[in-house]
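First the structure, in the form of structure tokens, and then the observations on it.
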Amino acid sequence: TRGDLYTIDIKTISTNSNKRKKRLFDLTSSLLGIVLWIFLVFFINKPFHFLKSCFKVLFGKYSWIGYCDVNDSDKSRLPKIKKGIFDPSTNMSRIGLTEEEKEHLNLMYARDYSLSKDINFFFRALRKS
């Protein structure tokens with residue numbers, strides 16, 4: 001049932017090792033994005049927005065991947081992470097997800113977090129942007 005979903009341990013994203021991996025990914029991808037920006041200009045639709053985002057992530061203000069935008073009351077159940085430039089629903093925006101579906105995506109992202117998912121979301125979002 002819907003209530004049972006919240007009893008599942010969703011602390012995977014908040015473990016120290018996963019926080020470290022997430023920040024390391026943010027740092028390396030931001031640095032690579034800045035260094036290779038002159039070549040990426042031809043492959044990204046909004047290259048100046050991407051460069052600005054690289055600096056936001058590099059300085060720790062944002063992370064590349066964060067939660068979907070939902071009501072703040074729904075986010076209170078999730079482990080705290082930085083606001084993201086992209087989110088798991090970035091490639092699904094044309095579908096028009098409901099608040100409940102976005103909340104479910106957030107729960108799945110927090111519970112089943114892995115670095116490979118962050119990398120996958122990041123490159124999918126780059127191709128779309």
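Listed residues L24, L58; which is open to solvent by 30 Å² or more (accessible area, probe 1.4 Å) and in contact with an Asp or Glu (Cβ under 9 Å, 6 or more places away or on another chain)? Only one candidate qualifies: L58.
Look at the range 39-67: where a residue is closer than 27 Å to L78 by Cβ and without any contact (Cβ under 8 Å) to a residue 40 or more places away in the chain and a partner is open to solvent by 100 Å² or more (accessible area, probe 1.4 Å) and among the charged types (D, E, K, R), sitting 6+ places away or on another chain with Cβ atoms under 9 Å, you get F55/K61; K61/K83; Y62/K83; G66/K83.
Cβ separations smaller than 7 Å between residues 6+ apart or across chains give the following pairs from the range 117-129 residues that are small (G, A, S) and at pLDDT below 90 to residues that are in a loop (DSSP other than H, G, I, E, B) and surrounded by 14 or more Cβ atoms within 10 Å (Cβ to Cβ): S129/I44.
When L105 is tested against the conditions (1) touching a Ser or Thr at 6+ places or on another chain (Cβ under 9 Å); (2) of a type in the set (A, V, I, L, M, F, W, C); (3) touching a residue at least 60 places away in the same chain (Cβ under 8 Å); (4) in a helix (DSSP H, G or I), the lone failure is (3). Of the residues making up the range 27-55, just one is part of a helix (DSSP H, G or I), β-branched (V, I, T) and surrounded by 14 or more Cβ atoms within 10 Å (Cβ to Cβ), namely I34. Annotation: of all residues in the range 1-21 being touching a Leu at 6+ places or on another chain (Cβ under 7 Å) and modelled with pLDDT under 85, the one that is least open to solvent (accessible area, probe 1.4 Å) is I10. Of all the numbered requirements in (1) assigned to a helix (DSSP H, G or I); (2) crowded, with 16+ Cβ neighbours inside 10 Å; (3) modelled with pLDDT under 90, V70 misses one, and that requirement is (1).
Would you be able to tell me the number of residues in the range 81-95 that are modelled with pLDDT under 85 and open to solvent by less than 50 Å² (accessible area, probe 1.4 Å)? Adding up the residues that qualify gives 3.
The values are calculated or read from the model by the stated rules, or taken from the named source; none is laboratory data. What you see is a predicted model, and the numbers here were worked out from it, not measured in a lab. Neighbour counts run over all protein chains shown; Cβ positions are idealised from the backbone, glycine included. Ligands, DNA and RNA are excluded from the accessible area calculation, which covers all protein heavy atoms including side chains. Shrake-Rupley method; radii C 1.70, N 1.55, O 1.52, S 1.80 Å.
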